[in-house]
1. With bins 5 Å wide starting at 0, give me the P(r) of the chain over every alpha carbon pair, in whole percents.
2. Quick one: among V100, V169, V153, which has the greatest mean-square fluctuation in a GNM of the chain with alpha-carbon springs under 10 angstrom?
3. Mind checking which of P45, I202, V269 is farthest towards the positive end of the chain's charge dipole, using Cβ charges of +1 (Lys, Arg) and -1 (Asp, Glu) about the Cα centre?
4. How far apart, in nm, are the 7 Å Cα→Cβ label points at L66 and E225?
5. Take the alpha carbon atoms of the range 147-224, find their center, do the same for the range 34-93, and report the distance between the two centers in whole angstrom.
6. Compute the FRET efficiency between D261 and K141 as 1/(1 + (r/R0)^6), taking r as their Cβ-Cβ distance and R0 = 51 Å, and round to the nearest 0.05.
7. Using only helices, what value at 222 nm comes out for the chain when you add -39,500 (n - 2.57) per DSSP H run of length 4 or more and divide by the total residues, to the nearest 500 deg cm²/dmol?
8. For the range 101-212, just list the percent of Cα-Cα distances falling in each 5 Å bin from zero outward, please.
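Nothing in this text is a laboratory measurement; each read-out follows from the coordinates by a stated rule. Since we're looking at a predicted model, the values are computed, not measured. A quick note on method: Cβ atoms are made from the backbone with ideal geometry, for glycine too, and the neighbour counts reach across all protein chains shown.
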Amino acid sequence: MKKKLQNSPVGIFDSGIGGLTVLKEIRKVLPNEDLIYFGDTARVPYGIKSVATIQKYAIQDVNFLLKKDVKLIVVACNTVSSNAMDILRTKFKNIPFVDVLIPNALYASQITNNLKIGVIGTPATIGSGSYRKVLKRFNPKIKVFSKMTPLLVPLAEEGFLKGEITRLVLKNYLGGLINKNIDTLILGCTHYPLFEKEISKICGKKISIVNSALQTARTVKNILEDNDIENRKETFGNIKIYLSDIPVNFSKTVYKFLKLDLKNGIEKVDIEKY
């Protein structure tokens, strides 16, 4: 049984291309693992949907990945991590989940010096108050300053990761948080690491940026190793990408910004069937 699990793939899902930032980091720390990614590009963004709709979509995404016999599912979406983890863990008891919220919050709570942490995310993520609750659980003295940043996911999906428009939007969103004297900023959406260079320029060296992709990948590695189900083969694992819609120039955008060469192609999925 354990041998079968070792050879089974890791499943990853997100509302769009943002979760590929997590896939990239998992690939770095676990190069031998086979990875299956589902991006719900037909229904992106999740962050402006109702909680009921977010939960419905998340269940469909998980059902699809389970058909691929995955051994672990990475919820590479802060919106789902903030609004649907309880229902996913209740409905799917036999599969381990890694969400992006806990690793993010834990790391931020460990590195802050002045206990002032900023969080940017989608309306659904920020509106849920999940980051505030988890950060306060780790350290009740932490002060959390949150900002809804709804334009960033559409900008990322369209490939506007730098340039004047993007900088103006980022400055508008980040200005208030910087004025609160935060020393740590959580990128509360897996799309946001795509803007990390621009965000770092605006925030300056005094503010530490917490990248959800990196922290989540480390958590996945620890879980697989602790349960002795990491892939033991000596060759690179395969990457398979599934999308609910294939945007124009998707492969070019992914290669340009993430340097991921999708050699095995992309397959379209009718996610509503699940």
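1. Calculated P(r), rounded to whole percents: 1, 6, 14, 18, 20, 17, 13, 8, 4, 1, 0.
2. The residue that fluctuates most here is V169.
3. I202
4. 3.0 nm
5. Value for the Cα centre distance between the two parts: 22 Å.
6. Values: r = 46 Å, r/R0 = 0.90.
It comes to 0.65.
7. -13000 deg cm²/dmol
8. 2, 13, 26, 27, 19, 9, 3, 1
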